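Enquirer: Please read through the structure below; I'll follow up with questions.
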Amino acid sequence: MKSINKTIKKVYGNYPEKILQFGEGNFLRAFVDWMVDKANRSGAYQGSIVLCQPIPEGLCDVINRQDGLYTLAMRGSENGKPAENIEVINSVSRCINPYEDYDALLELARREELEVVVSNTTEAGIAYHKGDCLSDRPPVSFPAKITAFLYERYQAFHGDPKKGLLFLPVELIDNNGAELKRLVLRYAKEWGLEDSFLSWVEKANAFASTLVDRIVTGYPREEADAFEKRLGYQDQLLDTCELFNLWVIEGDKKWAERFPVHKTDAHVIWTDDVSPYKKRKVRILNGAHTSTVLAAYLAGYDTVGDFMKDDTIRAFMNKVIYDEVIPTLDLPEEDLKSFARAVNDRFSNPYIKHKLLDIALNSCSKFNARCLPSLLDYADTKGILPECLTFSLAAFIRFYQCEKKDGAFWGIRKDGSPYPVRDDASVLEFMSCVWETKDPDHVAEAVLSRREFWSGRDLTEVGGLKAAVAAYLKEMDQKSIPQIMQRLLENV
């Protein structure tokens, strides 16, 4: 069977190379490169992307062998029904491996048409590495590479303020744009570069902090043969992802015209403050996971798709979102409800198997970050406890009823089947010790007063919380979790 580039004609292969992208992996190709392709197809943009391999080993050779072409299969659920959209992505012109050809990267810095730099070098990518030098080919750290790249551009255009670049890092750290800028300036000072260069970095360039949201499942190894038969060609870069997409960019909207992906139907938001959108994602999407999966697992389910077919558990999750989380958030109500509706479709995606035990990993810190703020904000605002989130807290504690065996910690479902509980050793040691008493009142008191779990707060000081959690723990010994959820759904 012929390769994709021997079968498909590249449509937008001659557009100017306006974007440099550090990272050639599945996520960026299913997210940024797809958005650029949409903008090219719609006529909103005319630009190509040069990929740069961020580490010595990668996909550079395969990308160039396929002329930058690859297939993206977007699959999910829409209005409760399976949906699929398959597109050939044309936006990538080539890939550079700076470990083999560093001059090619520096040559790109001298290009007039270059306007945007995108990156996804993992959470550890935007970090300082001691010993990096301007003379390295290339420097080790990503920020040092960017500093050297910018200095090359600064010299080539003699500090022209119109030749600055828009940086769009998507690494999953807070304030990713600001952190990248901070490290670039740190290297510039350490390397003794002129003050005029530091001023040019500050004034001519924009380092936007961003928030991204799309589940990318990558190359579908088990389905590759079936895809090849359907498509009629071989594609070693075949990528898969969900239908949902969201990119929130915190930056001056004057830069948006350099990168007009917001002019398509991709979900791109330019804003002055990314934090409300991050809060929305953490509390609704991540909070829905954490508030539901532990109880759903104890109820006998193994994947998110499984429990979404249970009317009671799905309704419980939605009551958490709509009645207890959304009232604590500041964005427009319809915006929040639209995001919540998308969560239902995303969780029902038949193409993604989210194992509950995988999501349950490190649930102590997850509950503290994702669910507890909503619980406390609701209690402060309404003067009463949110029933469903309080039950979720009790279900978290019940899930962590575990014993240590052969160096691991194990819980037991009501049907007698064991399951691994995975978290920091100190958390598991504490929980297994507390549960030795099997006394719900003692367990609730001990866990809620454990300040290390709750960012220094003693939750027994929250009015009625200890008694409510203890009562739910007792009720879980007497009734099934769906029965308790159903009772909560009937409460108005």
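The values are calculated or read from the model by the stated rules, or taken from the named source; none is laboratory data. No experiment lies behind these values; they were computed from the predicted model shown. With ideal geometry, Cβ positions are generated from the backbone for all residues, glycine too; neighbour counts draw on all protein chains shown. Keep in mind that these areas ignore ligands, DNA and RNA; they rest on the heavy atoms of the full protein, side chains included. Shrake-Rupley method; radii C 1.70, N 1.55, O 1.52, S 1.80 Å.
Enquirer: Any aspartates and glutamates with Cα under 12 Å of the Lys405 Cα? List them, leaving off those in the same chain fewer than 8 positions away.
Expert: Glu429
Enquirer: Using a/c under 1.5 as the rounded threshold, could you call segment 120-276 rounded, prolate or oblate? The axes a ≥ b ≥ c are square roots of the C-alpha gyration tensor eigenvalues, and prolate needs a/b larger than b/c, oblate otherwise.
Expert: Note, shape of segment 120-276 comes out prolate.
Enquirer: Net charge around Lys81, counting only other residues with Cβ within less than 13 Å of its Cβ (Lys, Arg = +1; Asp, Glu = -1)?
Expert: Net charge in that neighbourhood comes out at -2.
Enquirer: Shifting gears a bit: Would you grab the residues whose amide H sits under 5 Å from the one on Glu78? Only those 5+ places off in sequence or on another chain, please, with H modelled 1.01 Å from N.
Expert: Here the answer is Ala83, since their amide H atoms fall under 5 Å of that of Glu78.
Enquirer: Taking just the C-alpha trace of segment 1-160, give me its Rg and Dmax in Å.
Expert: That works out to 17.1, 57 Å for Rg and Dmax.
Enquirer: For segment 125-172, state what percent of all Cα-Cα pairs lands in each successive 5 Å bin, counting from 0 Å until the bin that includes the largest distance.
Expert: Pair shares across the bins are 5, 20, 24, 20, 19, 11, 1.
Enquirer: Of all trypsin sites (Lys or Arg not before Pro) in segment 348-442, which ones are in loop regions per DSSP and have a Cβ with at most 14 other Cβ atoms within 10 Å?
Expert: Lys353, Arg413, Lys414, Lys438
Enquirer: Considering the options Gly58, Ser77, Val117, tell which one lies farthest towards the positive end of the dipole of segment 46-117, charges being +1 on Lys and Arg and -1 on Asp and Glu at the Cβ, about the Cα centre.
Expert: It is Ser77.
Enquirer: With a/c under 1.5 counting as rounded, go ahead and sort the chain into rounded, prolate or oblate using the C-alpha gyration tensor (a ≥ b ≥ c being the square roots of the eigenvalues; past the cut-off, prolate if a/b is larger than b/c, else oblate).
Expert: Cα axes put the chain in the prolate bin.
Enquirer: For Lys405 and Arg457, what is the calculated FRET efficiency with R₀ set at 45 Å and r taken between the beta-carbons, to the nearest 0.05?
Expert: Efficiency, rounded to the nearest 0.05: 0.90.
Enquirer: Related question: Assuming 1.002 mPa s and 20 °C, estimate D for segment 133-219 with Stokes-Einstein, Rh taken as the Kirkwood radius over Cα pairs, in µm²/s.
Expert: 155 µm²/s
Enquirer: Net charge within 10 Å of Ile352 by Cβ-Cβ distance, Lys/Arg positive one each and Asp/Glu negative one each, not counting Ile352 itself?
Expert: +2
Enquirer: May I pose another question? Keeping all protein chains in position, work out how much accessible area Ile89 exposes to a 1.4 Å probe, and write it in Å² to the nearest 10.
Expert: Per-residue accessible area (Ile89): approximately 0 Å².
Enquirer: When the convex hull of the Cα atoms of segment 363-492 is projected onto a plane and the area is averaged over all directions, what value comes out in nm²?
Expert: Mean shadow area of the hull around the Cα atoms is 7.9 nm².
Enquirer: For segment 302-362, what log10 I(q)/I(0) values come out of the Debye formula at q = 0.12, 0.14, 0.19, 0.26 1/Å, with one point per alpha carbon and no solvent?
Expert: Scattering profile of segment 302-362, log10 relative to I(0): -0.34, -0.45, -0.78, -1.10.
Enquirer: Taking the convex hull of the alpha carbon atoms in segment 61-120, what volume per residue do you get, in Å³?
Expert: Normalising the Cα hull of segment 61-120 by residue number yields 134 Å³.
Enquirer: Run the simple label-point estimate for Ala178 and Asn79 please: 7 Å along Cα→C-beta, distance reported in nm.
Expert: For Ala178 paired with Asn79, the spin-label model returns 4.3 nm.
Enquirer: In Å³ and rounded to a whole number, note down the convex hull volume per residue for the Cα atoms of segment 222-300.
Expert: 166 Å³
Enquirer: Between Arg94 and Glu190, what length comes free when the chain is fully extended (0.36 nm per residue of separation minus the Cα-Cα distance, one decimal in nm)?
Expert: Using 0.36 nm per residue and subtracting the Cα-Cα distance, I get 31.3 nm.
Enquirer: Further question: Mind running the shape call on segment 240-398? Use the C-alpha gyration tensor, a ≥ b ≥ c as the square roots of the eigenvalues: rounded below 1.5 for a/c, prolate if a/b tops b/c, oblate otherwise.
Expert: Taking the square roots of the gyration eigenvalues as a ≥ b ≥ c, segment 240-398 is oblate.
Enquirer: While we're here: Between Glu429 and Glu57, take the C-beta separation as r, use R0 = 35 Å, and let me know the FRET efficiency to the nearest 0.05.
Expert: The pair Glu429/Glu57 has a calculated efficiency of 0.35.
Enquirer: List every residue whose amide H lies under 5 Å from the amide H of Thr303, counting only residues 5 or more places away in sequence or on a different chain, with H placed 1.01 Å from N in the peptide plane.
Expert: Leu356
Enquirer: Quick one: which residues, 5+ away or cross-chain, put their amide H under 5 Å from the amide H of Cys52? H built at 1.01 Å from N.
Expert: Amide H neighbours of Cys52: Gln21, Phe22, Gly23, Ile96.
Enquirer: Continuing with the same structure: Largest first and in whole Å, give the semi-axes of segment 36-94's equivalent ellipsoid, each being the square root of 5 times a Cα gyration tensor eigenvalue.
Expert: For segment 36-94, the semi-axes come out at 26, 17, 10 Å.
Enquirer: Something else: From the phi angles alone, apply the Karplus equation (6.51, -1.76, 1.60; θ = phi - 60°) to segment 206-215 and give each ³J(HN,Hα) in whole Hz, x where the residue is Gly or Pro.
Expert: Each residue's phi maps through the Karplus curve to give 10, 10, 8, 7, 9, 10, 10, 8, 6, 7 Hz.
Enquirer: Size of the dipole of segment 117-211 about the Cα centre, Lys and Arg at +1 and Asp and Glu at -1 on the beta carbon, nothing else charged, in debye to 20?
Expert: Using only the charged Cβ atoms, the result is roughly 180 debye.
Enquirer: Let me ask another. Set the Förster radius R0 to 35 Å, insert the Cβ-Cβ distance between Glu445 and Asp415 as r into 1/(1 + (r/R0)^6), and round the FRET efficiency to 0.05.
Expert: The calculated FRET efficiency here is 0.75.
Enquirer: Over segment 358-435, how many percent of alpha carbon pairs lie in each 10 Å bin up to the one with the longest distance?
Expert: All Cα pairs, binned at 10 Å, distribute as 18, 45, 27, 10, 1 percent.
Enquirer: Report, please, the projected area of segment 211-253 averaged over directions, based on the convex hull of its C-alpha atoms, in nm².
Expert: Quarter of the Cα hull surface area: 4.4 nm².
Enquirer: Report the accessible area of Tyr128, computed with a 1.4 Å probe over the heavy atoms of all protein chains in place, in Å² rounded to the nearest 10.
Expert: Its heavy atoms expose roughly 70 Å² to the probe.
Enquirer: Now a separate question. Hey, what do the phi angles of segment 85-97 turn into as Karplus ³J(HN,Hα) couplings, whole Hz, using 6.51/-1.76/1.60 and θ = phi - 60°, x for Gly and Pro?
Expert: 9, 10, 9, 8, 8, 10, 6, 8, 8, 6, 10, 10, 10
Enquirer: A follow-up question, please. So for segment 210-301, taking the charge dipole from beta-carbon charges (+1 Lys/Arg, -1 Asp/Glu), which of Gln234, Ala256, Val274 sits furthest toward the positive end?
Expert: Of the options given, the answer is Val274.
Enquirer: Using θ = phi - 60° and the Karplus curve 6.51 cos²θ - 1.76 cosθ + 1.60, what whole-Hz ³J(HN,Hα) does each residue of segment 130-139 get, with Gly and Pro shown as x?
Expert: Result, rounded to whole Hz: 5, x, 5, 10, 4, 7, 5, 10, x, x.
Enquirer: Okay, moving on. In the chain, once you exclude exposed GluC sites (Glu not before Pro) (DSSP loop, at most 16 other Cβ within 10 angstrom), what's the longest stretch remaining?
Expert: 195-451
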